[in-house]
Amino acid sequence: MTSDTTHLRKSEIDAFGAGLLVGFSVLLGFNQALVKLVNEGMAPLFQSGLRSACAFVPVLLYAMYRKRNLSLRDGSLPLGVINGLLFTGEFGLLFTALDFTTVARASLFFYMMPVWVALGAHFWIPGERLHRGKVFGLTLAVCGVLCAFAGDLGAAPPNAWVGDLLALWAGIFWAGIALLSRGSRLAEISAEQNLLYQLGVSALLLLAVAPWIEPLWRDPTTLTYIAFSFQALVVVSIGFLVWFWILSIYPVSNMASFGLLAPIFGIFFGWMVFDDALTPTFLVAIALAGAGIVLVNRTAQVDA
């Protein structure tokens with residue numbers, strides 16, 4: 001059965017899509033610090049698996065309310081399971097990474113995802129080949145992210161490189177989800193069904209593995225539960241669902257470029273909520289990242 005968004009697909013990001021993507025980047029920037037916070041009360045794999053399990057229910061209820069097709073006989077199950085495995089790896093690695101490294105460093109490596117998406121889409125998805133303007137735009141946006149973090153990556157522990165590497169691979173898995181969701185049979189199913197595959201597989205696997213790795217609970221507080229609830233209900237149930245809906249409509253490499261704003265927003269929320277240092281280079285970083293995203297999303301003829 002063809003997704004009801006197929007007829008809505010567009011060749012470039014419009015103002016509505018850009019607004020949703022900027023809002024999602026703000027949400028991701030805030031969420032990165034929340035994950036680190038919840039890690040103080042729950043083991044990372046347990047937190048990730050429990051979050052998926054808790055988010056599964058509202059997403060399922062919403063899909064049933066909207067009368068989405070959730071049949072497992074539509075040919076999407078094998079690819080849905082693969083997407084679920086990628087989702088499991090993405091968040092299992094990212095949440096664990098935040099036990100080893102700082103939020104800033106993890107954000108820097110994790111949100112390189114748009115670069116991997118652009119490269120993958122060049123070979124995987126027809127009509128999304130790289131051109132000079134897109135390459136230059138991505139480079140400019142990455143420079144903006146690097147500028148934002150220059151000299152302000154936090155006091156790194158001795159084994160921070162472990163967390164950095166885990167966060168990098170988490171971003172690669174996220175890119176894999178985006179490419180598979182748009183460049184395969186999964187592009188024909190609803191955003192709700194796609195997300196349910198990922199939540200279901202990751203909840204089963206992570207909750208099964210977590211007890212064998214370490215104790216599930218650390219030192220939870222009321223703030224732990226509040227932050228966790230926000231992740232499950234707002235970030236995953238609403239934010240991810242919106243992101244996959246956008247993915248079904250707009251070019252994957254173009255929309256992924258907005259992800260480079262997330263670590264910059266993370267710095268802003270660190271300043272606003274946690275009183276982290278905010279350097280003058282922050283405004284330069286915003287300007288570079290914004291200019292790069294505009295270039296990526298410019299309508300340009302693909303180079304021969």
Describe numerically, in nm with one decimal, the distance between label points set 7 Å from Cα along Cα→Cβ at LEU146 and at ARG218. 3.2 nm
Going Cα to Cα from LYS134, which lysines come in below 18 Å? Please leave out same-chain ones fewer than 8 positions away. LYS10
Could you tell me which helices of the chain pass both thresholds, a Cα extent of 15 Å or more along their own axis and a mean Kyte-Doolittle hydropathy of at least -1.0, with helices taken as whole DSSP H runs? 15-39, 44-65, 77-100, 113-124, 132-149, 160-182, 191-213, 262-274, 281-296
Rounded to the nearest 0.05, FRET efficiency between TYR62 and LEU204 (Cβ-Cβ, R0 22 Å) equals 0.60
Residue-normalised accessible area of the chain, given per residue in Å² at a 1.4 Å probe: 44 Å²
Could you state how much accessible area ARG66 has, in square angstrom rounded to the nearest 10, with a 1.4 Å probe and all protein chains kept in place? 100 Å²
What's the carbon and sulfur percent of the chain's accessible surface, probe 1.4 angstrom, rounded to a whole number? 72 percent
Euclidean distance of C-alpha centroids, the range 236-265 and the range 129-144, integer Å: 18 Å
FRET efficiency for ILE226 and GLU12, Cβ-Cβ distance as r, R0 = 41 Å, nearest 0.05? 0.60
Under Stokes-Einstein, the chain at 4 °C and 1.567 mPa s, with its Kirkwood radius over C-alpha pairs, diffuses with a coefficient in µm²/s of 67 µm²/s
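The values are calculated or read from the model by the stated rules, or taken from the named source; none is laboratory data. Just so you know, these numbers come straight off a predicted model, no measurement behind them. FYI the Cβ positions are ideal-geometry reconstructions off the backbone, even for glycines, and counts take in every protein chain you see. The area values use the complete protein model at the heavy-atom level, side chains included, leaving out ligands, DNA and RNA. Shrake-Rupley method; radii C 1.70, N 1.55, O 1.52, S 1.80 Å.
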